[in-house]
């Protein structure tokens, strides 16, 4: 009997335990209001707006349709670039007919991190918790009728300015030409045709703009950007019914054609550029440097736009700031360029194919970098028609081609370098002479038909000074042979040949050969007077010539202004002080001596050292197509050195120029002094 009682008690305990366990399991599987809220938030992260709507209470669905709900939530969350929403539930309260869940929420937006406290009411329908939805569930300050706004706080791209503070590239005001369709009048087609001719925008494109879905009779439809200063075009356009011209923000280049190859231009970022720079704050509407210094200094010039996310009431008032990220303006960059010199020299050479490099020889400051012919940087910003682009791209004079970054055969402007190497290596002295007569010479019969020719015979001794004054090819050919290929090459390497000159724009390297050696005696002889395979970049040439003005030190050319900079030596003691000054004195005589090839460069009260040069580009004696380059390189000699200028200049295709290329350039350079 006692055992039966024990068994009965045990069974009762077991039943109770099973019952309790069952209740616990049932309750643990029971949906909690917190779970519903957490799932709803996860749907926001996954952009599952339809599923979010399905979690609303019947009462909420009666107040807002699924379409309106999806549109509102999509526009707000994606408009602020919502990312990684998280909730931390702090309290759950049972109320009469609902449950209130209180929580802290955080998320990341385009304006930064956002944190706030909020609460959600949930009701039970068919054993499932449903959300009582209102706009305050998005943000507690967002009442019915209020809107979430996202405002871009535009940062300004840095300006590029010259040494005197003149703006070369800056964010300014341009003009936006547009059409108000309802005001085109009865002669609509004729007026559109007139607008097309004046703006260069095709009739087809204009009609496409006007037929956009957003366009109404009173809509301003922009079709073309033009320069704010183009008053003549504006006046013609405003005579046409329907035309309206508004101010717009845009990049402005005050020296359009005059400095295009140096400054470059900006345009809208491409998909490839956006992908490449995805971590640098660009968006699909950003502009980016495409060429010149706009491209090379992009990381410093670029602005970072800010964002403000705020709540607006029914009257359009900003009543609550959700998040704000301030804009960051780009860095202004000041150049060593002097706009007056840049413009003056461009105007002198704009109808030719050529270049100017102007440098202060004691500091290395580049005062002008001119390449002609040119294009207008503003055209790329304002929008270029296909017709204009094709004309630029197919122009035989290559206006898009930047000449001062290339390398060229220097002709006789190379002779001072050969002379300096001869003196430096001890292969000649200033009193040494060579023996030859006439205007042609060859070492011996092994050269076959080839002879070195020089232009003008002279009666004086065949020494370095007279050879420089008369630009004697034969002297410098013989000197190169006497120096020898090995010493000639090693000294050119000391001067930076085959070496990349550090500069914001990539400069072509200067070279003495297409290989590591100068292959033949004939090539070596030709190299002595700047022919053969000698190629020199004009900015590099300016640095080499600076050694003759700086007691044998080559200054490093630079373009970013530094108030306290005294210059940086790129190559120290490439020539001894005595050798450098000897060459300088000889170059002064090229200008000062009545028989000097640059005597027409003589300016009263100014001491100028200079060298003329003509570079034959013929591949052989039958080549009549390659043309001729004219050169003139010079520098002023002042005891103080503060106001000295060093100029390297070149003009192409001077074979038919009766005044000669060098003298054609001299007339233009002389105006600087």
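Odds and ends about this structure:
- In nm, spacing of pseudo-spin labels at residue 517 and residue 578 (7 Å Cα→C-beta vector): 3.4
- Burial order of peptide ranges 389-396, 258-265, 117-124, 532-539 (average beta-carbon count within 10 Å, highest first): 258-265, 532-539, 117-124, 389-396
- Gyration tensor verdict on region 31-144 (Cα atoms; rounded if a/c is under 1.5, prolate if a/b is larger than b/c, oblate otherwise): oblate
- Ranked by how many other beta carbons lie within 10 Å on average, peptides 449-456, 73-80 from highest: 73-80, 449-456
- On full extension, the segment bounded by residue 319 and residue 277 gains 11.5 nm, given 0.36 nm per residue less the C-alpha separation.
- Ratio of Rg to Rh for region 173-250: 0.93 [Cα atoms; Kirkwood radius as inverse mean 1/r over pairs].
- Cα shape, region 448-496, gyration tensor, a/c 1.5 rule: oblate
- Taking a ≥ b ≥ c as the square roots of the eigenvalues of the Cα gyration tensor, an a/c ratio of 1.5 or more together with a/b no larger than b/c marks region 198-312 as oblate.
- FRET efficiency, residue 450 to residue 164 (Cβ-Cβ, R0 60 Å, nearest 0.05): 0.70
- The slack in the chain from residue 88 to residue 173, taken as 0.36 nm per residue of separation less the alpha-carbon distance, amounts to 25.7 nm.
- Here the label points at residue 500 and residue 38, each 7 Å from Cα along the C-beta direction, are separated by 5.6 nm in the simple model.
- The modelled label-to-label distance for the pair residue 211/residue 118, using points 7 Å beyond Cα in the direction of Cβ, is 4.4 nm.
- Region 83-109 and region 385-418: distance between their alpha carbon centers, rounded to Å: 68
- Extension reserve of the residue 603-residue 551 stretch, reckoned as 0.36 nm per residue once the Cα distance is removed: 16.3 nm
- The value of relative contact order for region 342-672, using C-alpha pairs under 8 Å at least six residues apart, is 21 percent.
- Calculated FRET value between residue 156 and residue 533, using beta carbons and R₀ = 45 Å, to 0.05: 0.40
- Folded to 0 to 90 degrees: helix 33-45 orientation relative to the chain principal axis, Cα: 30
- Based on Cα contacts under 8 Å between residues 6+ apart, region 173-250 shows a relative contact order of 58 percent.
- Centroid-to-centroid separation of region 471-502 and region 258-312 [C-alpha atoms, Å]: 44
- Take the Cβ atoms of residue 493 and residue 391, set R0 to 45 Å, and the FRET efficiency comes out at 0.55.
- Contact order normalised by residue count of the chain, Cα under 8 Å, 6+ apart, percent: 11
Quick note: the coordinates plus some simple rules give every number you see, no bench work behind them. What you are looking at is a predicted structure, and each value in this text was computed from that prediction instead of being measured. Every residue, glycine as well, gets a Cβ built from its backbone with ideal geometry; the counts of neighbours run over all protein chains shown.
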